[in-house]
Amino acid sequence: MRPRWRAHPVLCLRAERVSAMETGFVEIRNLHKHFGEVRAVDGVDLSIKEGELLVLLGPSGCGKTTLMRMIAGLEVPTAGQILIGGEEVDEDVPPRARGVAMVFQSYALYPHKTAYDNIAFPLQAAGMAPAAIRGRVQGAAKRFSIGHLLGRRPRQLSGGERQRVALSRAVVRDPKVFLFDEPLSNLDAQLRAIARYELKELQRELGTTTVYVTHDQVEAMGLGDRIAVMNQGKVRQVGTPQHVYDHPADTFVATFLGSPPMNLLEQDAHTILGFRPESFVPRQDIPAGTDAAVFQFKVRQVEYLGADRLIYGAVDTPHRAGQTVIADLPVTITTPVAEGRAYEFAVPRRALRHFDAATGLARDRGAA
Amino acid sequence: MALPREARRPFSTSVAPLRRRTLADREDWLGRLMLAPALVYVVALVGVPFALALALAFSSARSGSLEFSWVGLRNFWTILPDPQFHRALWNTLRFTLVSQALVIVLAVTAAHVLSAAFVGRRLVRFLLLLPWAAPVALAAIGWTWIFDSTFSVINWTMLWLGLTKRWLYWFGEPQLATAAIIIVHVWRMFPFATVITLAGMSAIPQEISEAAVIDGAGFWRRFFQVNLPLLLPIITVAVLFGVVFTSTDLSVVYLLTRGGPYNSTHVLSSLAFQRGIFGGDLGQGAAVALFLLPVLVVVAILMLRTARRAEVGA
């Protein structure tokens, strides 16, 4: 059969889709979820590879959590398909039959149960023998170094300890897919960095396919094997953190990722020019011979942040004068910059991105 | 500290009369004033009768006479060996415990049904609350007809369904009268308990129920291991309320059976009423009525403590 498909121009396309299905462990096809008039998820196609950590990144209300809840089986899609491990999971496949484990933003621990019973709960539900449960729970607790806390109730645990209990409860059943719904957002900043590191290590060690929802781009960049950037119910771009950062598919992705965001300049009626603040440096700090675009940068304000300087100012293009631009100079660039003065700043041409002014879509996607 | 004179002048004439503090500004006195009616109400209608009942229980007062003399514990020594008193005490406990047990089961079930989304849910919720809002006397008349010795609809229905072969005289046989009283108590307390349980259910974070779903727990496991334990504090509040309401209730027994047949369904409050008002022995009536007081004080303390924990907890 197959050679005949290949020969046929339309069937050939179908053959490609079939092979794509074989690679993705979690497959999402044209998925929709509408709440009345609101299209929370509006036609999402996504292929999550076995063992990878895919981050769903987007602002609040972009549909990322709804998408995850549909994978978990907590929401029934309005239209579309979800496949886990090659099997379609529709509303006839309840969450317990999907082999997914979820960590909630609030951790959703059972407040009346001890840490031990919290972790043991999914195993008890699966009908495992008490002796086997004991071994698994203690194994999981040891992994997260909470063995001494197993007798306590959630109320008696700190935020970080609760998070570990929640992770233990997810890991203990050896699920096919992990679903994480902003599990770090309730931790304070210092703890969050450590937890992020540990989470990534855990995921690599277990090799479990993981979907991770967050609105924090730092978390997404740091954790994700790939990032799917979502906005208004649609996936705007999927790719490795570096690819998404360096080659944003449109102006939304360009400004959502990066802090400060990518600078966008109206170059002419049809083109928006984009460049990262860290690519925008004094002309003399660009190695001689580099092909670069030069701008007159009128500096309004300088912020010293220790490791770098943020410089706010404006540049003119023939199309529009006085467009706001931010430069992010690392501490290694020592060229003095004073407020209220104009300097020659430049961007290497390879760091320039071009977007269509009407659609916001990137022109130079070919670089991928 | 003084404002420049020019700044003050335009306001000085209009502001002056308002500068005095009014009652509305004086929160200490305003608070007392607004609490006063409630205080008067509680003292006059609860405090005075209660003190009177305490005094009467230790006296030989009789209705129709102004004579009043202290007799110490004599009233209590009289009622303690009285078999009719034993019967009333046992009935009070029995009616209360059995009806509250049934109320818990029904209320939790109804709360689960009503928390689900379905068409006409608001109407059902409204209908459910009706028994609680209906005046006891009106409801009791309705129930007297339902259990009537000639016209009982329950008897018709059961005969028609073949559940019974003989005609049941609800108020003529002690067991049936007991059942009838418990049914009416359940009917009265069940809406209140359902509403409280519903409120408790909406306080359980949705994520916890969802976590249980994802952890693979089926309906019964979720119910007994997650929802019910989390509802327990609030159910306790509902039950303790029910215990106080039911064990002190006079109206249901009085309006349905008047303690009959053969004084078999008397509870403490109806016995107190019979002894004190019909029998005229106020002292003995008060002693009977006060007998449950220590038990109810403990229940009330438990209730307040649980209610506080339910607020803070979870």
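Annotations
- Filter pass, A:Q301 being surrounded by fewer than 16 Cβ atoms within 10 Å (Cβ to Cβ) and in contact with a Gly (Cβ under 8 Å, 6 or more places away or on another chain): yes
- When A:D291, A:D246 are checked against the criterion of being among the charged types (D, E, K, R) and in contact (Cβ under 8 Å) with a residue 40 or more places away in the chain, A:D291 stands alone in meeting it.
- Residues of the stretch B:257-268 that turn out to be in contact (Cβ under 8 Å) with a residue 24 or more places away in the chain and out of contact with any Ser or Thr (no Cβ under 6 Å at 6 or more places or on another chain), as a count: 6
So that you can scan it fast, the table gives a plain yes or no per residue for (1) in contact with a Phe, Trp or Tyr (Cβ under 8 Å, 6 or more places away or on another chain); (2) surrounded by fewer than 22 Cβ atoms within 10 Å (Cβ to Cβ); (3) among the hydroxyl-bearing types (S, T, Y):
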{"position": "B:A199", "(1), (2), (3)": "no, yes, no"}
{"position": "B:V213", "(1), (2), (3)": "no, yes, no"}
{"position": "B:G216", "(1), (2), (3)": "no, no, no"}
{"position": "B:W220", "(1), (2), (3)": "no, yes, no"}
{"position": "B:F224", "(1), (2), (3)": "no, yes, no"}
{"position": "B:L228", "(1), (2), (3)": "no, yes, no"}
{"position": "B:V244", "(1), (2), (3)": "no, yes, no"}
{"position": "B:V252", "(1), (2), (3)": "no, no, no"}
{"position": "B:S264", "(1), (2), (3)": "no, yes, yes"}
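- In the stretch A:335-360, residue nearest to A:V315 (Cα to Cα) [restricted to those that are surrounded by 11 or more Cβ atoms within 10 Å (Cβ to Cβ) and among the hydroxyl-bearing types (S, T, Y)]: A:Y343
- Residues of the stretch A:187-197 classified as in contact with a helix residue (DSSP H, G or I) (Cβ under 9 Å, 6 or more places away or on another chain) and either at pLDDT 95 or above or surrounded by fewer than 16 Cβ atoms within 10 Å (Cβ to Cβ) (or both), total: 5
- Sole residue being at pLDDT 85 or above and of a type outside the set (S, T, Y), chosen from B:W160, B:W132, B:W167: B:W160
- Yes/no for B:T144 being loosely packed, with under 14 Cβ neighbours inside 10 Å and among the hydroxyl-bearing types (S, T, Y): no
- Beta carbons closer than 8 Å, at least 6 apart along the sequence or on distinct chains, pair a first residue in the stretch A:86-107 that is within 7 Å of chain B (Cβ to nearest Cβ) with a second that is of a type in the set (S, T, N, Q) for A:S106/A:N186.
- Within the stretch A:57-85, tally of residues that are away from every other protein chain (no Cβ under 14 Å) and either in contact with a helix residue (DSSP H, G or I) (Cβ under 8 Å, 6 or more places away or on another chain) or crowded, with 22+ Cβ neighbours inside 10 Å (or both): 10
- Count of the stretch A:336-351 residues which are touching a Ser or Thr at 6+ places or on another chain (Cβ under 6 Å) and more than 13 Å from A:P282 (Cα to Cα): 1
- Filter pass, B:A137 being surrounded by fewer than 16 Cβ atoms within 10 Å (Cβ to Cβ) and either in contact (Cβ under 8 Å) with a residue 12 or more places away in the chain or in a helix (DSSP H, G or I) (or both): yes
- You will find that of A:V172, A:V177, the residue that is touching a Phe, Trp or Tyr at 6+ places or on another chain (Cβ under 8 Å) and closer than 25 Å to A:G51 by Cβ is A:V177 and no other.
- Every residue from the stretch A:67-84 that is touching a residue at least 60 places away in the same chain (Cβ under 8 Å) and farther than 23 Å from A:S168 by Cα: A:L67, A:L83
- Only listed residue being within 14 Å of another protein chain (Cβ to nearest Cβ), closer than 14 Å to A:R173 by Cα and either part of a loop (DSSP other than H, G, I, E, B) or not polar (S, T, N, Q) (or both), chosen from A:P122, A:P111: A:P122
- Tallying residues that are aromatic (F, W, Y) and within 23 Å of A:G61 (Cα to Cα) within the stretch A:172-203 yields 2.
- Subset of the stretch A:139-148 that is crowded, with 20+ Cβ neighbours inside 10 Å and assigned to a helix (DSSP H, G or I) - its residue that is farthest from the other protein chains (Cβ to nearest Cβ): A:A141
- Complete set of residues in the stretch A:149-162 that are assigned to a helix (DSSP H, G or I) and either buried (at least 17 other Cβ atoms within 10 Å of the Cβ) or away from chain B (no Cβ under 14 Å) (or both): A:L149, A:P154, A:G159, A:G160, A:E161, A:R162
- Yes/no for A:R136 being touching a Leu at 6+ places or on another chain (Cβ under 8 Å) and more than 8 Å from chain B (Cβ to nearest Cβ): yes
- Residue under evaluation A:F280, criteria (1) buried (at least 18 other Cβ atoms within 10 Å of the Cβ); (2) more than 32 Å from the chain's Cα centre (by Cα), criterion not met: (2)
The values are calculated or read from the model by the stated rules, or taken from the named source; none is laboratory data. Being a predicted model, the structure only gives us computed values, none of them experimental. When we count neighbours, we look across all protein chains shown, and the Cβ atoms used for this are built from the backbone with ideal geometry, even at glycine.
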